[in-house]
Amino acid sequence: MSLPPLEYLPKLPTRRDFRIGCAGAGFIMADCHLVAYRQAGFQPVAIASRQPITAQQVAARHGIPVVHASYEALIEDPAIEVLDIAVPPDVQPTLIRHAAAHGRHLRGILAQKPLALTVAEANECVELCRQAGIVLAVNQNMRFDQSVRAMKDLLQRGWIGEPVFASIDMRAIPHWMPWSQGLRSLSTFVMSIHHLDTFRYWFGTPQRVLASTRSDPRTSFPHRDGINLYILEYDTGLRCAAWDDVWAGPAKEGVPSDIGIRWRVEGTDGLALGTIGWPSYPTRTPSTIDFATKLHPEGWLRPRWNEVWFPDAFVGTMAQLLVALETGSEPEISGRDNVDTIALCEAVFVAVQEHRVTTVAEFRPPL
């Protein structure tokens, strides 16, 4: 039996010339967002940064015509339709508040993940945008990694049956940005949030969380959550687990390395195995999926593609927002949806700190 190919690419908007204003000029903006936007034909028209010289350099590199002297001036520019934010998570809510108060010309905001560092502040951002008539989306870009998206399609088609167990095993060494040193959480809200949101994307929000952490020996500044281990429990019986190993052995200290991210989803009718190519960046290494299903008894199916998470997946996050603006729908990666991802991060963080099983419901805002 020949099965149709999996869908792994995002839906793109019909209109590509929404006028985008870019807040931030660091790596994520300069090397991911703007590279992806030019690739897709999107139109960034203005930029601002905490350091104006940095904004000027990025504008020259990417052909952006307007450089504003401040974030506030960018937000208040009436020519901007969509605000694209790429600033640290402790700074981001302030910009969203300013946009809700002074950016009534704005139709949409693409914020970074995490939307905020607490559920209360994330929910405030959602409500402020709702009241201002601004569509808020959150750049949970791992949802647009090609293998993650292909796995979602596999689940929606029912080809693996009822999900039984899923895991993500990360052995990778992140580059902690200077701004991460002052946050209340290091790994949970900056790194593990990718995998927690992916589990939510695949299966929905779990009911309970068990978690453990230890410090990362390589990270010299004080931190409470380094190597994160967690299990997510669903009332359906599904169990998800991740090992977010940011140490990954003494690979930077002279010992041969074993770096990579592997994931696995087991169902009653099939099995899927995947890899994430991100740890090889800047080398372009596509993520992969191999799957077997009762519908195809001949054996393993191994689709492949040329696209990669960094930077190609960043087409998808902005496209989601623009499609929502075109159709009047809520983005898959909406701010409201992201509040549940923040609540799941909080459940993991508190489970570690208080050495107990937590429920996501404890941390959700009241309806």
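Each 5 Å bin from zero holds the following percent of Cα-Cα pairs in the stretch 207-344: 2, 7, 10, 12, 17, 20, 17, 9, 4, 1, 0. Were the residues from ARG157 through ARG97 laid out at 0.36 nm apart, the gain over their Cα-Cα distance would be 17.6 nm. Within the stretch 171-205, name every residue whose backbone N is under 13 Å away from a label modeled 7 Å from Cα of SER215 along the Cβ vector. Within reach of a label on SER215: no residues.
Three principal axis extents of the stretch 22-110 based on alpha-carbon atoms, in descending order, are 31, 24, 20 Å. Here the chain is assigned +1 on the Cβ of each Lys and Arg and -1 on the Cβ of each Asp and Glu. Its dipole about the Cα centre then comes out at about 420 debye. Taking chymotrypsin sites (Phe, Trp or Tyr not before Pro) across the stretch 295-363, the ones in a DSSP loop with at most 15 further Cβ atoms lying within 10 angstrom of their Cβ are TRP300. Among the trypsin sites (Lys or Arg not before Pro) in the stretch 160-269, those placed in a DSSP loop whose Cβ has at most 16 other Cβ atoms within 10 Å are ARG184, ARG218, ARG224.
Label-to-label distance for ARG184 and TYR281 is 2.6 nm, based on points extended 7 Å past Cα in the beta-carbon direction.
Value of Rg to Rh for the stretch 106-163, rounded to two decimals, is 1.15; Kirkwood radius and Rg both from alpha-carbon coordinates.
For CYS22, neighbours were defined as the other residues whose beta-carbon sits under 14 Å from its Cβ, and their charges (Lys and Arg +1, Asp and Glu -1) total 0. Each peptide in 31-40, 57-66 was scored by the mean count of other Cβ atoms within 10 Å over its residues; highest first, the order is 31-40, 57-66. Compared with the dominant principal axis of the Cα atoms in the chain, helix 193-203 is inclined by about 60°. Cα centroids of the stretch 2-42 and the stretch 302-367: 17 Å apart.
Loop-located GluC sites (Glu not before Pro) in the stretch 206-308 (DSSP state other than H, G, I, E, B) with a sparse environment of at most 10 neighbouring Cβ atoms within 10 Å: GLU298.
Using only Cα atoms, find the angle between the long axis of helix 119-132 and the longest principal axis of the chain, and express it within 0 to 90 degrees, rounded to the nearest 10. Helix 119-132 sits at roughly 50 degrees to that axis.
Taking neighbour Cβ counts within 10 Å as the exposure measure, how do VAL135, VAL82 sort from fewest upward?
Details: VAL135 22, VAL82 25.
Listing VAL135, VAL82 from fewest to most nearby Cβ atoms yields VAL135, VAL82.
Divided by 2.2 N^0.38 Å, where N counts the residues, the Cα radius of gyration of the chain comes to 0.98. The residues packed around GLU233, meaning those with a beta-carbon under 9 Å from its beta-carbon, carry a net charge of +1 if Lys and Arg are +1 and Asp and Glu are -1.
Take every DSSP beta bridge whose two residues both sit in the chain; close to 60 percent of them are antiparallel. The Cβ shell under 10 Å around ARG284 holds other residues with a net charge of -2, Lys and Arg each +1, Asp and Glu each -1.
Gain in length, ARG130 to GLU326, computed as 0.36 nm per residue apart minus the alpha-carbon separation, to one decimal in nm?
Details: separation 196, 0.36 × 196 = 70.56 nm, distance 1.71 nm.
Roughly 68.8 nm would be gained on extension.
A crude spin-label estimate for the pair GLN56 and TYR234, with each label 7 Å from Cα along the Cβ direction, gives 5.3 nm. For the chain, modelled as a GNM whose springs connect Cα atoms under 10 angstrom apart, the maximal fluctuation among ILE160, ILE53, ILE80 occurs at ILE53. Over the chain, dividing the summed -39,500 (n - 2.57) contributions of all DSSP H runs of at least 4 residues by the number of residues returns a 222 nm mean residue ellipticity of -9000 deg cm²/dmol. Treating the angle as unsigned and between 0 and 90°, give the value, to the nearest 10°, between the Cα long axis of helix 92-102 and the longest Cα principal axis of the chain. Taking the Cα atoms of the chain, the angle to 92-102 is about 40 degrees.
Readers should treat all values here as calculations from the given coordinates under stated rules, not as data from a laboratory. Please read these numbers as outputs of a predicted model, since none were measured by experiment. Virtual Cβ from ideal backbone geometry, glycine too; neighbours counted across all protein chains shown.
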